[in-house]
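Structure first, then comments.
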Amino acid sequence: MLSGRLGLEKARIPHGDRHGLVWLDRGRLEVEDGCLRFVTAGGGELATGDYQIPHQSLSILLLGPGSSVTHDALRLLARHGCALAAIGEGGVRFYTAPPLMPDSSALARAQVTAWADPDSRMAVARAMYAIRFDEIVRTRDIAVLRGQEGARIKRSYQLAAERFGIAWKGRNYDRDDPNAGDLPNQAINHAASAMRAAACIAVASVGAIPQLGFIHEDSGQSFVLDIADLYRHDVTLDIAFGAVRQARETGEPIERLTRQRAARLFRQRDVIPSMIDRIKTLVGPNKDAVAGETE
């Protein structure tokens, strides 16, 4: 092992014993005397100062806008198995992440095992719908589950619109021109993009396999979409319709307002830590307890 000024000789703490993630923005991530430090002049979430970052106890470090990172910092993070992700303000975009190589393959193996068996795959899908519907889901037919989801999300759109005093004319989404819809539809598109970014962060932080979804199938981010959808009925629609109401009051661009509101609610409601916990509960090595609840 390497040793010296970067502190690379120190033993790594197992990921299972780590505290999760740290958000940083508007500063410089560097190494000094073998310690990872973040120096910022303020202007973001952190006050002006020089902060020592406990990289040995983190799974992933999130670096927001206005930040830079030194080569020494990347080497230190890599040695201790701490991933680094470049994100948008508050985690509403997920631009890149150096490969995360956790010290244990337990969660990934458990995910593959659950995905590969039709019965356990259906059990996880039912558990996901139980979280979304807040009730035990009886059917074992994925097509029926998707039909139930479609009917309920339509009702959720209407209820959210009424809660925020927004006229709702129905979902209208053009993949070729996502900004062609009315203000509420545009806001839902932007809110969904932000929620997918948050789910990307959560999936990357635990070393799960994004391609292996339990409800979504074709996308290379199928599992990410599964996790994002767990928050669609409440958080995503809260972000979207709240932004629409604000846009009508202020006249500001809907994309910016939606992104800012998403960043704020992600922090206030601990959305990403909640996603991490749910991933571990749904497909981690101890997932059987939750799957059994949907029997």
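Quick one: T281 ticks every box in (1) farther than 20 Å from A127 by Cα; (2) surrounded by fewer than 17 Cβ atoms within 10 Å (Cβ to Cβ) bar one, so which box is it?
Of the numbered conditions (1) farther than 20 Å from A127 by Cα; (2) surrounded by fewer than 17 Cβ atoms within 10 Å (Cβ to Cβ), the odd one out for T281 is (1).
For the list (1) more than 26 Å from M195 (Cα to Cα); (2) in contact (Cβ under 8 Å) with a residue 60 or more places away in the chain, I need the number of the one condition that L74 fails.
L74 satisfies every listed condition except (2).
Considering (1) more than 30 Å from V144 (Cα to Cα); (2) buried (at least 19 other Cβ atoms within 10 Å of the Cβ), say which one A47 fails and leave the rest.
(2)
Consider segment 195-213. How many of its residues are at positive phi and crowded, with 24+ Cβ neighbours inside 10 Å?
Here the count works out to 0.
Residues that are assigned by TED's automatic domain parsing to the domain that holds A85 and more than 30 Å from K280 (Cα to Cα), at least 2 per element: which strands (runs of 3 or more DSSP E) completely within segment 18-72 meet that?
In segment 18-72, the matching strands (runs of 3 or more DSSP E) lie at 27-32, 35-40, 49-52.
Residue by residue, here is whether (1) at pLDDT below 95; (2) surrounded by fewer than 22 Cβ atoms within 10 Å (Cβ to Cβ); (3) in contact with a helix residue (DSSP H, G or I) (Cβ under 9 Å, 6 or more places away or on another chain); (4) under 11 Å from A199 (Cβ atoms) holds:
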{"site": "F223", "(1), (2), (3), (4)": "no, no, yes, yes"}
{"site": "Y231", "(1), (2), (3), (4)": "no, no, yes, yes"}
{"site": "I239", "(1), (2), (3), (4)": "no, no, yes, no"}
{"site": "A247", "(1), (2), (3), (4)": "no, yes, yes, no"}
{"site": "G251", "(1), (2), (3), (4)": "yes, yes, no, no"}
{"site": "T258", "(1), (2), (3), (4)": "no, no, yes, no"}
{"site": "P285", "(1), (2), (3), (4)": "yes, yes, yes, no"}
{"site": "A289", "(1), (2), (3), (4)": "yes, yes, yes, no"}
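Tell me the residue from R155, R163 that is free of Cβ contacts under 8 Å to residues at least 60 places away in the same chain, assigned to a helix (DSSP H, G or I) and of a type in the set (K, R), please.
Step by step, each of R155, R163 is checked, and only R155 is free of Cβ contacts under 8 Å to residues at least 60 places away in the same chain, assigned to a helix (DSSP H, G or I) and of a type in the set (K, R).
The values are calculated or read from the model by the stated rules, or taken from the named source; none is laboratory data. Treat the numbers as computed from the prediction; the structure is a model and nothing was measured. Heads up, the Cβs are rebuilt from the backbone with ideal geometry, glycines too, and the neighbour counts pull from every protein chain shown.
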